[in-house]
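> The structure's right below; bear with me while I get my questions together.
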Amino acid sequence: MKVISIAQFKGGSGKSTTTVQLATTAFRALGYRALIVDTDVQGSATKWRARRQAPAPDVIQSTPDRLEDTIRQIRQDAGLCFIDTPGHDWSALAKAAVVSDLTVIATRPSEFDRETAVQVVAALRQFGLRHLILLTQTPHRRSSKLAVWEEAHARMGVLAEPALTTLQAFQDSVTIGLGVEEYEPNGRAAHEVRVALAWILDHLDGGRR
Amino acid sequence: MSSRRRADQLAAAIRSNFEARPAAPPAHPAIASDEVKRTTFSAPSAVIDELRHLALRRHCTMNALIRAAIEDLLKSIRHGDEVAVSPADCERIKERRRPDGSDAD
């Protein structure tokens, strides 16, 4: 089983939304036995699962302290595990990162978010932990401003392509316990998640960059 | 090293990075300020100052900022959008040029 944690110290960067979207697309579009481990006390992924009719991907709750044991217990049950992490908690972020094969830092194109991501990236790099940066909630239209943000983030490390734009489908789908792959499979949001997931999995296997 | 101990050390490192002021990533240092400022782009000094300020705030080089702006402009032109630079602007800029091609500002 491969483990991917979705992290960022800053709150509101779209960690839970990104987690459930990646897991649903991994299950629906790529046929992975995908699982979500929710370590956030807010329980957004857990609540999403409660609204969901489909059996997979399942969501397992775990405290950051019990995370290592939880991962050990589910190792045989899934091919791909996504860990949703809380914001504002460096201990929880660290516990998720050390049990993960890859940490995806979900971050918005803003200076406050970038400043925070820089600190997390620096620490992960210091410990030799694989990570990449995924821009979330970016504007719909490509612009020079976005290109500058992309360049600034690419300087910090590996930047996943493409970014996830601000699309209503992301929020609408999770409201009814779905992923965009199920809610609007031919829409732009579903396409973005598929491409981003393929990129992440490629990076996880060491196939790119 | 156990993963619990490693996680504790990583958490301490993240915390320490946040508490350090000014924050600086060790392996990918911020762009050196002279690199940010270096550009062959010629423009009035007020424009250069503004670009430098923007580049420093965005942690990118001035050249990256200019390249991104040009790409954006070309995209708008290709899409048939109205662009901010009019033929009159071009004439005005040309008039301010010295005979050797440098800007008169």
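The values are calculated or read from the model by the stated rules, or taken from the named source; none is laboratory data. From a predicted model like this one, the values you see are computed outputs, not experimental measurements. Note that each Cβ is placed from the backbone with ideal geometry, even for glycine, and that neighbours are counted across all protein chains shown.
> List pairs: first residue in region A:130-149 and facing another protein chain (nearest Cβ under 9 Å) and within 30 Å of A:VAL3 (Cα to Cα), second residue part of a strand (DSSP E or B) and modelled with pLDDT of 80 or more anywhere in the structure, Cβ distance under 8 angstrom, at least six positions apart or on different chains.
Pairs found: A:LEU146/A:THR138; A:TRP149/A:LEU135; A:TRP149/A:THR138.
> Would you mind finding the one in A:ALA154, A:ALA106, A:ALA160 that is touching a His at 6+ places or on another chain (Cβ under 8 Å), more than 7 Å from chain B (Cβ to nearest Cβ) and small (Gly, Ala, Ser)?
The unique qualifying residue is A:ALA160.
> Out of B:ALA43, B:ALA32, B:ALA24, which single residue is out of contact with any helix residue (DSSP H, G or I) (no Cβ under 7 Å at 6 or more places or on another chain) and modelled with pLDDT of 65 or more?
Result of the check over B:ALA43, B:ALA32, B:ALA24: B:ALA43.
> Is it the case that region A:113-123 has a residue that's touching a residue at least 12 places away in the same chain (Cβ under 8 Å), assigned to a strand (DSSP E or B) and touching a helix residue (DSSP H, G or I) at 6+ places or on another chain (Cβ under 9 Å)?
no
> Looking only at region A:84-97, decide whether some residue is aromatic (Phe, Trp, Tyr) and either touching a Gly at 6+ places or on another chain (Cβ under 6 Å) or assigned to a strand (DSSP E or B) (or both).
No - not one qualifying residue is present in region A:84-97.
> Right, here's the next one. Looking at region A:137-152, can you tell me whether even one residue there is surrounded by 21 or more Cβ atoms within 10 Å (Cβ to Cβ), of a type in the set (Val, Ile, Thr) and under 27 Å from A:SER62 (Cα atoms)?
No, region A:137-152 contains no residue that is surrounded by 21 or more Cβ atoms within 10 Å (Cβ to Cβ), of a type in the set (Val, Ile, Thr) and under 27 Å from A:SER62 (Cα atoms).
> While we're looking at this one, here's another question. Could you grab me the full set of residues in region A:88-103 that are modelled with pLDDT of 95 or more, within 23 Å of A:VAL41 (Cβ to Cβ) and more than 7 Å from chain B (Cβ to nearest Cβ)?
Hits for region A:88-103 are A:ALA92, A:ALA96, A:SER100, A:THR103.
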